[in-house]
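The values are calculated or read from the model by the stated rules, or taken from the named source; none is laboratory data. This is a predicted model, so every value here is computed, not measured. Ideal geometry is used to build each Cβ from the backbone, glycine not excepted, and the neighbour counts take in all protein chains shown. Ligands, DNA and RNA are excluded from the accessible area calculation, which covers all protein heavy atoms including side chains. Shrake-Rupley method; radii C 1.70, N 1.55, O 1.52, S 1.80 Å.
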Amino acid sequence: MRVFGIAIPIAIHNLMISAINMADVFMVGQLGEEAIAALGISNQLMFLLILFLFGMGSGGQIFVSQFYGKGDLLNLRRVMGVILTLGIFVSLAAFTGARFFPEFIVGL
């Protein structure tokens, strides 16, 4: 039963992401095939970014849980700082690449 408490919100989140992508395709679909192809590529890149950030956060949560369970607040704060700093750095790098070098990013 506890599995459903975790699985249902994750499934709803994935459904929402898919619905947003589908709405994007409907809106951009009127612009032609090239626009739809570009949207598909950008959705793949966004998925990779979200996947990386989710994996990093999930891995960090393991350490946070262990340190919280031991009552080691110093290392807990260190791990949280590393996770947040890395997440912000990766997000800013993705933003900078998408904003200033979109052809290069899509070409990858």
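What do you reckon, is LEU45 touching a residue at least 60 places away in the same chain (Cβ under 8 Å) and open to solvent by 60 Å² or more (accessible area, probe 1.4 Å)? Taking the combined requirement at face value, the residue satisfies it. Taking every residue in region 78-101 that is farther than 18 Å from GLN61 by Cα and pairing it with any residue that is surrounded by 11 or more Cβ atoms within 10 Å (Cβ to Cβ) and among the hydroxyl-bearing types (Ser, Thr, Tyr), at least 6 positions away or on another chain, the pairs with Cβ-Cβ distances below 9 Å are ALA98/SER42.
Would region 94-101 turn up any residue that is within 12 Å of the chain's Cα centre (by Cα) and either open to solvent by 60 Å² or more (accessible area, probe 1.4 Å) or among the β-branched types (Val, Ile, Thr) (or both)?
Filtering region 94-101 down to residues within 12 Å of the chain's Cα centre (by Cα) leaves 94.
Going one step further and asking which of them are either open to solvent by 60 Å² or more (accessible area, probe 1.4 Å) or among the β-branched types (Val, Ile, Thr) (or both), we end up with none.
No, every residue in region 94-101 fails to be within 12 Å of the chain's Cα centre (by Cα) and either open to solvent by 60 Å² or more (accessible area, probe 1.4 Å) or among the β-branched types (Val, Ile, Thr) (or both).
Here PHE67 meets the list (1) modelled with pLDDT of 85 or more; (2) closer than 25 Å to PHE89 by Cα; (3) under 21 Å from the mean Cα position of the chain (by Cα) almost entirely, failing just condition (3).
Here the condition is being under 18 Å from ILE105 (Cβ atoms) and in a helix (DSSP H, G or I); of ALA7, ALA38, ALA11, it holds for ALA38 alone.
Here's the yes/no breakdown for (1) of a type in the set (A, V, I, L, M); (2) farther than 14 Å from LEU45 by Cα; (3) assigned to a helix (DSSP H, G or I); (4) in contact with a helix residue (DSSP H, G or I) (Cβ under 8 Å, 6 or more places away or on another chain):
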site: TYR68; (1), (2), (3), (4): no, yes, yes, yes
site: VAL79; (1), (2), (3), (4): yes, yes, yes, yes
site: ILE83; (1), (2), (3), (4): yes, yes, yes, yes
site: LEU86; (1), (2), (3), (4): yes, yes, yes, yes
site: SER91; (1), (2), (3), (4): no, no, yes, yes
site: ALA98; (1), (2), (3), (4): yes, no, yes, yes
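Checking each residue of region 14-35 against the condition of being open to solvent by 70 Å² or more (accessible area, probe 1.4 Å) and at pLDDT 90 or above gives at least one match. Per the listing PHE67, PHE52, PHE63, PHE4, the residue uniquely aromatic (Phe, Trp, Tyr) and exposed (fewer than 13 other Cβ atoms within 10 Å of the Cβ) is PHE4.
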